[in-house]
Amino acid sequence: KQWDKAVQMAIKLSQLYPDDPEVLYHAGRLHGDIAYQTMQRLSQVAPDSVWVHQAAGEAHEVQGQYELAAIEYKKVVELDSARPGIHFRLGRVILRQEDATAQDLALAEFQKELQVDPTNAGAAYEIGEIQRKQGRLEKAREFFAMAAERQPEFEEARIGLARTLIDLHQPEKALPQIEAAFQLNSGNEVSHFQLSRAYRALGKTAEQRKELQEFQRLRQQKRGQHKSLLDPSFNPGDVTRQSVDDDTP
């Protein structure tokens, strides 16, 4: 009851003074203490449960300890292989490890995720991205399209589908996908670069030059930002970001 009163007071103060640093500090500390004690209690009452291992995996993941996260997620799979989302999480941390077999191992996990949850747009997207990087463009197109269909506001899926269509010599079909990506985020330099590629394939030289200039402007602007803005902490559930090739001017 004491915790309940404290939480209610913290919520009320946060609503009354949403920009007060001291209120935010105490509210954050209170919620952090409650979360810590709750996890401690969970580990005591159900030490071998899927909940404990998933919580441990997520904690390792946000700290960039991907090998440890994978160990915990695999324990969840052993306990409940049909648990929605767990194969996706496992695939993501495998993909983040520097291993020659990482893509193939992650691909298998993303495929398992779609078997468990066919609506998981993130898993479909990651399959598409791996297929694209491995040169299987028709497969990449199929899964990028699946991800975009299941989650229409999925910017990375739109960009991935567009660049794959360009590589398949279908630039006219890529244009609506890039336009959809622009509506979601007009400041993404990767979208402008892919649009310049589409215009080049269509023979629209002036439009290509304009988009390439905008890409270079945005890229230079991004390079000038603080590293913390460029490299945000990885959150569970994030997907692989679309980027331009390393040799792009």
Can you compute the charge dipole magnitude of the chain about its Cα centre, using +1 on each Lys and Arg Cβ and -1 on each Asp and Glu Cβ, nothing else charged? Give it in debye, rounded to the nearest 20.
440 debye
Once you have the Cα-Cα distance between Leu16 and Arg83, take 0.36 nm times their residue separation minus that, and quote the gain in nm to one decimal.
20.1 nm
Can you tell me the FRET efficiency between Asp4 and Thr101 if r is taken as the Cβ-Cβ distance and R0 is 51 Å, rounded to the nearest 0.05?
0.55
What spacing in nm lies between the two simple spin-label points modelled at Val116 and Glu207, each 7 Å away from Cα in the Cβ direction?
4.3 nm
So what is the relative contact order for the chain, in percent, with contacts set as C-alpha pairs under 8 Å and at least six apart?
12 percent
Within region 89-109, the residues whose backbone N lies under 13 Å from a label point placed 7 Å from the Cα of Arg136 along the Cα-to-Cβ direction are 103-109
Candidate lysines for bridging to Lys112, where Cα separation is under 17 Å - those fewer than 8 sequence places away on the same chain excluded
Lys74, Lys75, Lys139
Distance (nanometres) between label positions extended 7 Å along Cα→Cβ at Ser243 and Val50
3.4 nm
Grab the DSSP H runs of the chain that are 4 residues or longer, score each as -39,500 (n - 2.57), total them, divide by all residues and round the 222 nm result to the nearest 500 deg cm²/dmol.
-23500 deg cm²/dmol
GNM of the chain, Cα pairs under 10 angstrom: of Leu90, Leu184, Leu161, the biggest fluctuation goes to Leu184
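No value in this document is a laboratory result; all are computed from the given coordinates. Bear in mind that the values here come from a model prediction, so they are computed numbers and not experimental data. Positions of Cβ are generated from backbone atoms using ideal geometry, with glycine treated the same way; all protein chains shown enter the neighbour counts.
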